Amino acid sequence: MNFIGEIAGLATSFFFSITAIIFTKAGRMVGPQNANRLRIIFALTYLVILNLILFREPIPFSADSSRWMWLSLSGVIGLALGDAFFFQSLISVGTRLGSLLLSLAPIFASLIAWIFFGETLTPLQITGVVIALTGIGWVVMSHEEPADTPHGHTRRGVIFGVLAGLGQAVGFVLSKQGMMGDFSPFQGNAIRMLAAAIFIWSWAILQGQAGSTITEVRRQPQAIKLLAIGALVGPVLGVTASLLAVQHAEVGVASTLMALPPVIVLPISYFVFKEKVGWQAIAGTLLAIVGVAVLFLA
C-alpha cells in the first residue's frame, strides 16, 4: 500500500513539534505576533529560493487560477487567521486548553470535507481518528500549567481556540482542493505563504504595528536566529509535508496525524528538558499510537 500521505502527516507533526519549542522561546523574547510576522517572511524567502532552484520559478505564477484561489484562501484562513486565533487562545486560556481546542481541527476537517466535497472515511478510519484524538486529548489534559498561566477571559479564549481549530480545518480542506493532481508541495506552500504574508503584514500596517515589530526584533538578535531556524523547520518543511499529506490521504486522516505534536513533544520534554512525565501522559501517548496504527491498517 502507498502510505505517502500518512507518513507525510507524521513528518508534519514531528516538524511542528520541533518548531513549537523554537517559536515558544522566540515568542517570549519578541512577543508571539511579532514572531509570527517574521517567521512568515523567513519562510517565504526560503521557499522562493527553493522553488527557484527546483523549478526555475521563484513563485509558481504558471499555476492555473483555480490553484491560486484555493491555496491563497488556505494560506489566509489556515496560516494567518488560524494561527492568530491560536496565539490569542493560548494567551487567554493557557497552553493545555488552547492545544486541546486546536485538536478539534481533524473533526472539523472531516465534516467539512464530507459536507462540501463528499470525502468519506471508512469505519476503521473513523475508529482510528477517535482513538488517536482521545489519546492526544489525554496527553494535553495531563499537562500541568505553569503557576503564572492566565485564567481570565476564559470564554473569549475558548472561542478563539475553537476558531483556531476551525481555521486550521478549513485550511486543510482548501489545500486539498488546491493540491489536486501532481502539483509540487513546495510550489503550493509558496502560494499559501505569499498569501499569508500579504495578509499578515497588510493587517500589521493598518494597525500601525509593522514598525514596532521590526524595532522589537532588532533588539533581540538571538530571536532572529531562532526564528530563521524555526521558519525552515515549521513553515517550510512542516507545511510542505502537510500539503503532501492532504494530497495523498483523506483530510480527516491527514489532519489527525498532523495533530500529534503534543504527543511527540513528550519524549523531547523528558529527555532534553528533564521534565516530569506522568502516567496519564504515557497512557495517552500509547493510546494515540494505537490510533495511528489503526489509521495505517485502514
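The values are calculated or read from the model by the stated rules, or taken from the named source; none is laboratory data. Predicted model, so just to flag it, every value in this text is computed and none were measured. Cβ placement follows ideal geometry from the backbone for every residue including glycine, while neighbour counts extend to all protein chains displayed.
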- [ ] Answer with yes or no whether Ile224 is surrounded by fewer than 19 Cβ atoms within 10 Å (Cβ to Cβ), in contact (Cβ under 8 Å) with a residue 40 or more places away in the chain and more than 19 Å from the chain's Cα centre (by Cα).
- [x] yes
- [ ] Check Gln280 against each of (1) within 20 Å of Leu101 (Cα to Cα); (2) surrounded by 20 or more Cβ atoms within 10 Å (Cβ to Cβ) and name the one condition it does not meet.
- [x] (2)
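Among the residues of segment 51-81, which ones are aliphatic (A, V, I, L, M), in a helix (DSSP H, G or I) and surrounded by 18 or more Cβ atoms within 10 Å (Cβ to Cβ)? Break it down into steps so the answer makes sense when it comes.
Start the filter on segment 51-81 by keeping residues that are aliphatic (A, V, I, L, M), which leaves 52-54, 59, 63, 69, 71, 73, 76-77, 79-81.
Subset that is in a helix (DSSP H, G or I): 52-54, 69, 71, 73, 76-77, 79-81.
Those that are aliphatic (A, V, I, L, M), in a helix (DSSP H, G or I) and surrounded by 18 or more Cβ atoms within 10 Å (Cβ to Cβ): Leu71, Leu73, Val76, Ile77, Leu79, Ala80, Leu81.
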Task: Of the criteria (1) in a helix (DSSP H, G or I); (2) among the aromatic types (Phe, Trp, Tyr); (3) surrounded by fewer than 18 Cβ atoms within 10 Å (Cβ to Cβ), which one Phe23 fails - done: (3)
Task: Filter pass, Thr240 being under 26 Å from Ile18 (Cβ atoms), in a helix (DSSP H, G or I) and modelled with pLDDT of 95 or more - done: yes
Open item on the list: Being surrounded by fewer than 24 Cβ atoms within 10 Å (Cβ to Cβ), of a type in the set (A, V, I, L, M, F, W, C) and not in a helix (DSSP H, G or I) is the requirement here; does Val294 meet it?
Closed with: no
Task: Failed condition for Gly128, given (1) surrounded by 19 or more Cβ atoms within 10 Å (Cβ to Cβ); (2) closer than 17 Å to Leu101 by Cβ; (3) modelled with pLDDT under 95 - done: (2)
Task: Residue check, Ser65 among the hydroxyl-bearing types (Ser, Thr, Tyr) and farther than 25 Å from Phe116 by Cα - done: no
Task: Residue identified as modelled with pLDDT of 90 or more and over 17 Å from the mean Cα position of the chain (by Cα) among Ile40, Ile53, Ile91, Ile77 - done: Ile53
TODO: Could you tell me whether segment 97-109 includes any residue that is touching a Pro at 6+ places or on another chain (Cβ under 8 Å) and either modelled with pLDDT under 90 or surrounded by 21 or more Cβ atoms within 10 Å (Cβ to Cβ) (or both)?
DONE: yes
Open item on the list: Scan segment 251-259 and tell me whether some residue there is more than 22 Å from Pro123 (Cα to Cα) and small (Gly, Ala, Ser).
Closed with: no
TODO: Answer yes if at least one residue in segment 115-125 is without any contact (Cβ under 8 Å) to a residue 60 or more places away in the chain, among the aromatic types (Phe, Trp, Tyr), surrounded by fewer than 22 Cβ atoms within 10 Å (Cβ to Cβ) and in a helix (DSSP H, G or I), and no otherwise.
DONE: yes
Open item on the list: Go through (1) surrounded by fewer than 19 Cβ atoms within 10 Å (Cβ to Cβ); (2) in a helix (DSSP H, G or I); (3) of a type outside the set (Asp, Glu) for Asn2 and report which single condition fails.
Closed with: (2)
TODO: Kindly list the number of the only condition in (1) over 21 Å from the mean Cα position of the chain (by Cα); (2) at pLDDT 95 or above that fails for Pro185.
DONE: (1)
TODO: Taking the options Ala35, Ala105, name whichever one is among the small types (Gly, Ala, Ser) and farther than 17 Å from Gly161 by Cα.
DONE: Ala35
TODO: Output yes when any residue across segment 251-272 is surrounded by fewer than 22 Cβ atoms within 10 Å (Cβ to Cβ), at pLDDT 90 or above and either under 24 Å from the mean Cα position of the chain (by Cα) or aromatic (Phe, Trp, Tyr) (or both), and no when none is.
DONE: no
- [ ] Scan (1) assigned to a helix (DSSP H, G or I); (2) free of Cβ contacts under 8 Å to residues at least 60 places away in the same chain; (3) under 24 Å from Val76 (Cβ atoms) for the single condition Arg37 breaks and write down its number.
- [x] (2)
